[in-house]
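Below: the structure, in structure tokens.
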Amino acid sequence: MTDKAIPGLHHVTAISGPPQGNVDFFTKVMGQRLVKKTVNFDDPGTYHLYYGNQTADPGTILTFFPFADAGPGRAGPGMASAYAYSLGHGAFDDWMERWALDAVDFDGPTERFGQRVITVADPDGAKVELIETPGDHGPDLDGFHSATLWLDDIAPTHRLMTDVMGYEEVGHEAKEGQERTRLRAPGDARGAVIDLLRTDAPSIGRPGAGSIHHIAFRATSDEDQLEWRERLLQAGMQVTPVIDRQYFNAIYFREPGGVLFEIATDPPGFTKDETLEHLGESLKLPDQYEPIRDRIERVLPELTV
Ligand code: ZN
């Protein structure tokens, strides 16, 4: 046990193929808002696209690096293998009905820890899960419910998350050759759940389009993040220095099971360089790339939102 706990997920970052199909899927089928259109800070000829709820809150943010020539990736041990959105009790049946009418090809519903789950594949074949949660959260997806980490041995990850990050084991479920252990952060923030998955099926993951690159947890302030950094270093993790990601500050480390973790600050948030009303409308560049904006805009494919 620890006196300090992560509230939940801040964002999930994945790799996709060409960006237009990605934008169409997440804005139309998933009803998300494109809340930021920027570039990969390490490769400014490539977009970095951020989706979220209307107000771009932490815990709703899904980001993509769309590489036009990314080979197909697939999840395997040592990777985050899925993320799940919450859908309120009242809206779940409506979504299934609408998807059926729109000929969206989804699987389920199945049950997981007593909750209904439906799964849809994004244009790169990555699984997107929708989990029915108690209460009425309106007609839209209510940000993340959870992320699943696929691990060969869950013990070291379990230990780090419960001893250091403040998570608690709340359930264990075994079916169809899969064992799922559910951890939950205290409080009721979005994305408070992490599932640790172990399977008997041999598999080797491969980064590429349709794979998750990393998952990011929330820090409430810069000070909070520095405290996390200190604690993780003491726990033997190799943690990067604080990196400025324009909309949050980030630290990264590989958890003992191999999954890339990030801790990202809530401030300053996505209204740092455009108003809430106009989020995602224009291409935003960090200061170092403004001088070459013309060249960047020529290279990036045109996007219709
Ligand atoms: Zn990130």
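What does the charge count near Gly21 come to, summing +1 for each Lys or Arg and -1 for each Asp or Glu among other residues with Cβ under 10 Å from its Cβ? Surrounding charge for Gly21 is -3. Stretching Ser203 away from Lys4 to a fully extended chain increases their span by 68.1 nm, per 0.36 nm per residue minus the current alpha-carbon distance.
Relative to the Cα centre, the charge distribution of the chain, modelled as +1 at Lys and Arg Cβ and -1 at Asp and Glu Cβ, gives a dipole magnitude of about 500 debye.
Taking the inverse of the mean reciprocal distance over all distinct Cα pairs, the Kirkwood hydrodynamic radius of the range 2-49 comes to 13.0 Å. If you add up the charges near Arg190, with Lys and Arg at +1 and Asp and Glu at -1, over every other residue whose beta carbon is less than 14 angstrom from its beta carbon, what do you get? With Lys, Arg at +1 and Asp, Glu at -1, the net is -3.
A 1.4 Å probe run over the protein chains yields, for the range 109-199, 43 Å² of accessible area per residue, whole-number rounding. Between Asp69 and Phe106, the simple spin-label model (points 7 angstrom out along Cα→Cβ) gives 3.7 nm. Dimensions of the range 9-299 based on its C-alpha atoms, expressed as ranges along the principal axes with the largest first, amount to 55, 53, 37 Å.
Computed in the context of the full set of protein chains, the accessible area of the range 88-209 at 1.4 Å probe radius has 48% of its extent on carbon or sulfur.
Extension gain for Ala174 to Thr55 (0.36 nm times residue separation, less C-alpha to C-alpha distance): 39.1 nm. With a Cα cut-off of under 20 Å and a minimum spacing of 8 residues unless on different chains, the lysine pairs in the chain number 9.
Considering helices alone, the calculated mean residue ellipticity of the chain at 222 nm is -4000 deg cm²/dmol, with DSSP H runs of length four and up weighted by -39500 (n - 2.57) and normalised per residue.
Looking at the chain, which longest stretch skips every one of the trypsin sites (Lys or Arg not before Pro) that is in a DSSP loop with at most 14 other Cβ atoms within 10 Å, leaving the sites themselves out? That would be 5-271. What is the sum of charges around Gly210, taking Lys and Arg as +1, Asp and Glu as -1, for the other residues whose C-beta is under 10 Å from the C-beta of Gly210? For residues surrounding Gly210, the net value is +1.
The values are calculated or read from the model by the stated rules, or taken from the named source; none is laboratory data. Being a predicted model, the structure only gives us computed values, none of them experimental. Positions of Cβ are backbone-derived with ideal geometry, glycine not excepted, and every protein chain shown enters the neighbour counts. The area values use the complete protein model at the heavy-atom level, side chains included, leaving out ligands, DNA and RNA. Shrake-Rupley method; radii C 1.70, N 1.55, O 1.52, S 1.80 Å.
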